[in-house]
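Step one of this worksheet: look at the structure below.
The values are calculated or read from the model by the stated rules, or taken from the named source; none is laboratory data. Worth saying up front: this structure is predicted, and the values here are computed from it rather than measured. Here the Cβ is made from the backbone with ideal geometry for all residues, glycine too, and neighbour counts use every protein chain on show. SASA here: full protein model, heavy atoms, side chains in, ligands and nucleic acids out. Shrake-Rupley method; radii C 1.70, N 1.55, O 1.52, S 1.80 Å.
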Amino acid sequence: MSDIEQRGAVALDKLASEKKPRRKKGLHLVKPGGETFDPSGRRVIRHDPGKLPEILDQLGLALAEHCDNLFSYTGRLVRVYAAPETASGGVHRPRGALVLHPVDGSHLTELATAAAVHERYEARSEGYKPCDCPRRVADAYLARGNWPELRPLAGFIEAPTITLDGRLIHEPGHDSETGLFQACAAIPGWSPPSAKPSKAEAMAALYVLIDLVRTFPFDYEEDLVATVAGIITGLLRRVLPAAPLLAVTAPTPGTGKTLIAETFAIIATGRRASVLSLGHDDAEAEKRLAGVLLAGDAVIALDNIERPLKGDLLCQVATQQFVRLRPLGASGMLSIPTHALMVATGNNLSIVGDLKRRVVMIRMDSGQERPEQRTFSRDHLEDVFEHRGELIRAALTIPMAYLAACAPAIEVKDWHPLGGFEQWDRLVRRPLGWLGLADPMKASEGLREQDPDLEGMRLLLGSWNDAFGNEPKTASDLLKAGMEYRPQSDAYAYPDLRDALQMICYEKPTSRKLGNWLRAHRDRFVDGMQVKQAGEDGHSKVALWKVLKCI
């Protein structure tokens, strides 16, 4: 090779070597596992082609390390934040109310950019340059749907609480065992109860709670006890699989129903309750209730209810740990926890249907025409705010003392187990009975007799049995007999049956309405009678029904 050829080859080799990318390491620290960090401790994520799975893994670790307020919650990523005072969609939240905010792709892009150093190779400079987290990466991370590196969230709390086995949770931050996130600062007046309080300590704590609410005009002792149960329930609701709805009723406005609801909320959260208006129909009410459950509100007040309280979703919220809901604008269903304290208030509140057995009633009556004009020596809500820490300690001492005593059985007549609310019964109801108080569920027993559905069933079966005994009838036959008018006597043939049909069919009896009612109430007992299906009519091929009277 000539001298000129040799010099040309060297020049070509030099040019080729200069064109090779030189990837600069900068000042990053590379750990033994190959992970790279910047001097501040943030991960360095390099967005190279073909490395998406590794990039997503690194992003998840970065979010877990640097996003204290990011959680995995019921198949979504969420953050806890304090909302401004809002009143929209039938929901009013006070300023500072904590709610869950779902994290979408745009929001996650911002969080991911802050949690790590993102770099992309730039050919012009032949090295890596900082960049924002690409939106496609954030979307891909969200699409995983499972984020085991992030902390799972069961719910947030704003006051100390206890677990089902009596362990006290009172330190701010995330509790890994329960998944609860305590999102509150120090509470003035709060000090932890002793690890195993005595019965004497529980009695002293009980007097603190009773003194707080003693000026309310309760009908009977069980109504006061139900109010104390409501205070304890508010603090424990996040750990209870199920808890009854609390219903506060009085015959006259201004008696103090809303004050009771606000008392529960202030002790549990440090602020007034989020207020939900049910709207004019059940469909609208369930849509609004689904919204507050998705937002994670801790206390929900259904205030000034003017129509019978009922609904499938309300029943599910009271007795089920999760309900299936579809977030607004989403196509999939989510399993949402139901661990919000539900408090309903109203004048002569009417509870109907299956909700009756899922309610703790609190009845009040001032015996005055204008109870709002009464005067008191103290401002009740100011007292609650001022002594909140002491009240929390007192409310937690009672179940802790009962558990410390090995949860003894309550040997009291008519004190029956409460199916569907076993943990609430163990941590709230039985501790109060252990201290010698009345059953907080006693006031709810009268709901059965006041239920218009039960009244209609009693009237229909009684009049049907009087008119036809156990003779099978179709819905059409029964309706025809009940609406038969006899001009010669200027009266209906079976007036009691007619009244019953009008009651259960809402003044407009039809065969379809009656048939649906019979199917919904078959095999149920009332006053020793039940509706049974008795085959089909041979001619019309429709269901036959009869009333059986049990001896």
Problem set entry | Euclidean distance of C-alpha centroids, the range 505-551 and the range 424-453, integer Å | 33 Å
Exercise. Going by alpha carbons, how many degrees (0 to 90, nearest 10) lie between the helix axis of 199-213 and the longest principal axis of the chain?
Worked result: 80 degrees
Exercise. By the scheme Lys and Arg +1, Asp and Glu -1, what is the net charge of all other residues having a beta-carbon under 11 Å from that of residue 223?
Worked result: -2
Exercise. Using the Cβ atoms and a cut-off under 13 Å, what net charge is assigned to the surroundings of residue 249, where Lys and Arg are +1 and Asp and Glu are -1?
Worked result: -3
Exercise. What do you get for Rg/Rh over the range 99-139 if you use C-alpha atoms and the Kirkwood form of Rh?
Worked result: 1.14
Seminar exercise, completed: Tilt, helix 452-468 to longest principal axis of the chain (alpha-carbon atoms), in degrees rounded to tens, equals 40 degrees
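Rank by packing, highest mean first: peptides 293-300, 273-280, with packing defined as the count of other Cβ atoms within 10 Å averaged across residues. Display every interim value, and only then the final one.
Values: 293-300: 23.0, 273-280: 20.4.
Output ranking for 293-300, 273-280: 293-300, 273-280.
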Exercise. Along the Cα-to-C-beta direction of residue 533, a point sits 7 Å from the Cα; which residues of the range 501-519 have their amide N less than 15 Å from that point?
Worked result: 515-519
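For the range 51-85, which GluC sites (Glu not before Pro) pass both filters: DSSP loop (anything but H, G, I, E, B) and at most 16 other C-beta atoms within 10 Å? Please list the in-between numbers first.
Values: sites: 54, 65, 85; in loops: 85.
Qualifying residues, ordered by number: 85.
Return the Rg/Rh ratio of the range 275-424 with Cα-based radii and a Kirkwood Rh.
Details: Rg = 18.8 Å, Rh = 18.7 Å.
Ratio value, two decimals: 1.01.
Using the beta-carbon distance between residue 69 and residue 406 and R0 = 51 Å, what value does 1/(1 + (r/R0)^6) give for FRET efficiency, to the nearest 0.05?
Values: r = 39 Å, r/R0 = 0.77.
According to the calculation, E is roughly 0.80.
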Exercise. How large is the dipole of the chain about the Cα centre if only Lys and Arg carry +1 and Asp and Glu carry -1, each at its Cβ, rounded to the nearest 20 debye?
Worked result: 1560 debye
Exercise. Taking the Cβ of residue 463 as the center, what net charge do the other residues with Cβ under 15 Å away carry, scoring Lys and Arg +1 and Asp and Glu -1?
Worked result: -2
Exercise. With all pairs of different alpha carbon atoms counted, what Kirkwood hydrodynamic radius in Å does the chain show?
Worked result: 28.0 Å
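Which FRET efficiency, nearest 0.05, do residue 312 and residue 214 yield, Cβ-Cβ r, R0 51 Å? If you can, show how the numbers build up before the last one.
On the way: r = 38 Å, r/R0 = 0.74.
Using R0 = 51 Å, I get an efficiency of 0.85.
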Seminar exercise, completed: Whole-Hz Karplus couplings 3J(HN,Hα) for the range 124-138, θ = phi - 60° and coefficients 6.51, -1.76, 1.60, Gly and Pro as x, run 4, 8, 6, x, 8, 10, x, 8, 6, 4, x, 4, 5, 5, 4
For this session: Enter the angle in degrees (range 0 to 90, nearest 10) between the Cα long axis of helix 221-236 and the first principal axis of the Cα atoms of the chain, meaning the one along which they spread out most.
Result: 20 degrees
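Report for the chain the percent antiparallel among DSSP-assigned beta bridges with both residues inside it, nearest 5.
On the way: 41 of 69 bridges.
Bridges in the chain are about 60 percent antiparallel.
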For this session: Step through the residues of the range 307-324 one at a time and calculate ³J(HN,Hα) from phi using the Karplus curve (6.51 cos²θ - 1.76 cosθ + 1.60, θ = phi - 60°), rounding each to whole Hz and writing x for Gly and Pro.
Result: 10, x, 8, 7, x, 4, 5, 4, 4, 5, 4, 6, 10, 10, 6, 9, 10, 8
Exercise. Given the Cα-Cα distance of residue 492 and residue 38 and 0.36 nm per residue of separation, how much length would full extension add, in nm?
Worked result: 154.4 nm
For this session: Quick one: pull the percent of accessible area on the range 242-296 belonging to carbon and sulfur, 1.4 Å probe, ligands and nucleic acids left out.
Result: 56 percent
For this session: Would you be so kind as to identify which of 485, 249, 91 lies farthest towards the positive end of the dipole of the chain, taking Lys and Arg as +1 and Asp and Glu as -1 on Cβ and the Cα centre as origin?
Result: 91
Problem set entry | Long pairs among 480/532; 310/480; 473/508, criterion Cα-Cα beyond 24 Å | 310/480
Exercise. Are there trypsin sites (Lys or Arg not before Pro) in the range 517-551 that DSSP puts in a loop and that have at most 10 other Cβ atoms within 10 Å, and which ones?
Worked result: 541
Exercise. Counting other Cβ atoms within 10 Å of each Cβ, which trypsin sites (Lys or Arg not before Pro) in the range 134-184 have at most 13 and sit in a DSSP loop?
Worked result: 144
Problem set entry | Rounded to whole Hz, the Karplus (6.51, -1.76, 1.60) HN-Hα couplings of the range 248-259, x for glycine and proline | 10, 9, 7, x, 10, x, x, 6, x, 5, 5, 4
